[in-house]
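Input: a single structure, listed below in structure tokens.
The values are calculated or read from the model by the stated rules, or taken from the named source; none is laboratory data. Model, not experiment: these values are computed from the prediction. Cβ atoms come from the backbone with ideal geometry, glycine included; neighbour counts cover every protein chain shown. Side chains are part of the model used for accessible areas, which takes the heavy atoms of the whole protein and leaves out ligands, DNA and RNA. Shrake-Rupley method; radii C 1.70, N 1.55, O 1.52, S 1.80 Å.
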Amino acid sequence: RAERMEKIRYGLKNKLEFMELWVKPEFDECQMQEVISGIEKDFSKEQLLIYLTPHLSAHYMAIVRTDIEAGVPLEKVLLYANCVDREVFEKTRIRVL
């Protein structure tokens, strides 16, 4: 799809790291954008891998990314980032923060 190709071209043009992790068919262009945003913020591979999962929608990826940017310890973010159920994600996040 054109949107996905645009993200891939952007990554190649800007020599973004970790393309092998996020240029996969299971990620849509919105999820890819969230990963690009993390890379542009100089996230480490460890930080990216926390929210680089196809079961998280771009919306929830953005929440996790913003929490990492805000300095929430990664061990706390991991407690909710891997929740498949959205209600559990939100309740766990509130409890952790």
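Mind pulling the angle between the C-alpha long axis of helix 2-13 and the longest principal axis of the chain? Nearest 10 degrees, somewhere in 0 to 90. Helix 2-13 sits at roughly 80 degrees to that axis. Put a dot 7 Å past the Cα of residue 10, heading toward its Cβ, do the same for residue 84, and the two dots end up 3.0 nm apart. Listed values for the stretch 83-92 are Karplus-derived 3J(HN,Hα) couplings in whole Hz (6.51 cos²θ - 1.76 cosθ + 1.60, θ = phi - 60°), namely 6, 7, 6, 5, 5, 5, 3, 5, 5, 5, and x replaces Gly and Pro.
For the stretch 63-77, backbone phi angles converted through the Karplus equation (6.51, -1.76, 1.60; θ = phi - 60°) give residue-by-residue couplings of 4, 5, 4, 5, 5, 5, 4, 6, x, 5, x, 4, 5, 6, 4 Hz, Gly and Pro being listed as x. Shown in residue order for the stretch 25-31 are the 3J(HN,Hα) couplings computed by the Karplus curve 6.51 cos²θ - 1.76 cosθ + 1.60 at θ = phi - 60°: x, 6, 9, 8, 5, 6, 5 Hz (x for Gly and Pro).
Which FRET efficiency, nearest 0.05, do residue 2 and residue 70 yield, Cβ-Cβ r, R0 41 Å? Here the calculated transfer efficiency is 0.80.
Could you tell me the center-to-center distance, by alpha carbons, between the stretch 1-65 and the stretch 66-90 in angstrom? Cα centroid to Cα centroid, the span is 17 Å. Largest mean-square fluctuation among 74, 56, 48, in a Gaussian network model of the chain whose springs join Cα atoms under 10 Å apart, belongs to 74.
Globularity index of the chain is 1.06 (Cα radius of gyration / 2.2 N^0.38 Å, N = number of residues). Place +1 on the Cβ of every Lys and Arg and -1 on the Cβ of every Asp and Glu in the stretch 1-76, take the dipole about the Cα centre, and give the residue among 48, 11, 36 whose Cα lies farthest towards its positive end. In the stretch 1-76, that residue is 11. For the residues 45, 76, 13, a GNM of the chain with alpha-carbon springs under 10 Å puts the largest fluctuation on 13. Modelled spin labels at residue 55 and residue 95, positioned 7 Å past Cα toward Cβ, are 1.7 nm from each other.
Note on residue 42: accessible area approximately 130 square angstrom, rounded to 10, probe 1.4 Å, nucleic acids and ligands left out.
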